[in-house]
Amino acid sequence: MKLHNGLSPNGLRVTVFLAEKGLEIPVVPVDILGGEPRREPFLSLNPLGEVPVLELDDGSVLTESVAICRYIEGLFPDPPLFGMGAKGQAVVEMWNRRLEQRVHGPLSDVARHEFAFFKERGPQFADFARARRSDYRAALGWLDREMSDGRSFVAGDAFSVADITGMAMLLLAHFVPVVLPEELKAVKRWESAMKARPSWPKLPQ
Ligand SMILES: N[C@@H](CCC(=O)N[C@@H](CS)C(=O)NCC(=O)O)C(=O)O
């Protein structure tokens, strides 16, 4: 199999997932800023025009970062990144969705409605971007209160795909850019720990 990917929040989810599993697979670099995903031949691979795309040996493709991660988890279960047992898996799923929908989602909307890069993706609304900035700040406050119980990772005591979704949010925050407020002690502690992991990508200066 090979991974079509470029440095981006959702691309990072698969890159980090593979690194945390200790796996290396061939990567076909995709020039996102150069618009490569929006034209052929990439569109034939994923008509949505987005990375990451996992191309399997039989020629079929998987898109959607979490679906790709689940496939890798199925093939290489150790270390488990989607939780263990019925409850453990449900807790990781719960936090992964919360991070994706409540924290990453608002910031992603800010980018979609503010970045010139997304103009051709559809109309942009400055008021909506402002509202989503406020949703993002509120979500970070909520996350900080939740994580103030002393846990090391988003879903509890073990690193999981929910932390990886959080890392995608941290990369997006780097691009927007927004800085996580110092007073969010638990979230800041978690941010430092995530950026210290060997799987955190080297970012162009
Ligand atoms: N739901 C998809 C979203 C993928 C996505 O939004 N990819 C972005 C990078 S974060 C992309 O490739 N954008 C290219 C473009 O808009 O031209 C996933 O999780 O895989």
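The values are calculated or read from the model by the stated rules, or taken from the named source; none is laboratory data. Since the structure is predicted, the reported quantities are computational estimates derived from the model, not experimental observations. Heads up, the Cβs are rebuilt from the backbone with ideal geometry, glycines too, and the neighbour counts pull from every protein chain shown.
Any idea which residue in the stretch 47-73 is surrounded by the most Cβ atoms within 10 Å (Cβ to Cβ), counting only those that are touching a residue at least 40 places away in the same chain (Cβ under 8 Å) and closer than 26 Å to G122 by Cα? Per the criteria, the residue is S65. Of the residues making up the stretch 33-48, those that are outside any helix (DSSP H, G or I) and either polar (S, T, N, Q) or within 9 Å of the ligand (Cβ to nearest atom) (or both) are L33, G35, N46, L48.
No other residue among V103, V154 is in the same structural domain as H174 (by TED's automatic domain parsing), under 21 Å from V178 (Cα atoms), free of Cβ contacts under 8 Å to residues at least 60 places away in the same chain and of a type in the set (V, I, T) apart from V154. Would you confirm whether any residue within the stretch 89-109 is within 9 Å of the ligand (Cβ to nearest atom), surrounded by 14 or more Cβ atoms within 10 Å (Cβ to Cβ) and either under 28 Å from A138 (Cβ atoms) or over 17 Å from the mean Cα position of the chain (by Cα) (or both)? Scanning the stretch 89-109 turns up at least one residue that is within 9 Å of the ligand (Cβ to nearest atom), surrounded by 14 or more Cβ atoms within 10 Å (Cβ to Cβ) and either under 28 Å from A138 (Cβ atoms) or over 17 Å from the mean Cα position of the chain (by Cα) (or both).
Scan the stretch 55-69 for residues that are farther than 22 Å from F117 by Cα, near the ligand (Cβ under 10 Å from one of its atoms) and touching a strand residue (DSSP E or B) at 6+ places or on another chain (Cβ under 6 Å) and jot them down. Answer for the stretch 55-69, where residues must be farther than 22 Å from F117 by Cα, near the ligand (Cβ under 10 Å from one of its atoms) and touching a strand residue (DSSP E or B) at 6+ places or on another chain (Cβ under 6 Å): L62, I68.
Against the condition more than 14 Å from the ligand (Cβ to nearest atom), aliphatic (A, V, I, L, M), within 16 Å of the chain's Cα centre (by Cα) and over 27 Å from R133 (Cβ atoms), how does A19 come out, does it pass? Spelling it out, A19 is indeed more than 14 Å from the ligand (Cβ to nearest atom), aliphatic (A, V, I, L, M), within 16 Å of the chain's Cα centre (by Cα) and over 27 Å from R133 (Cβ atoms).
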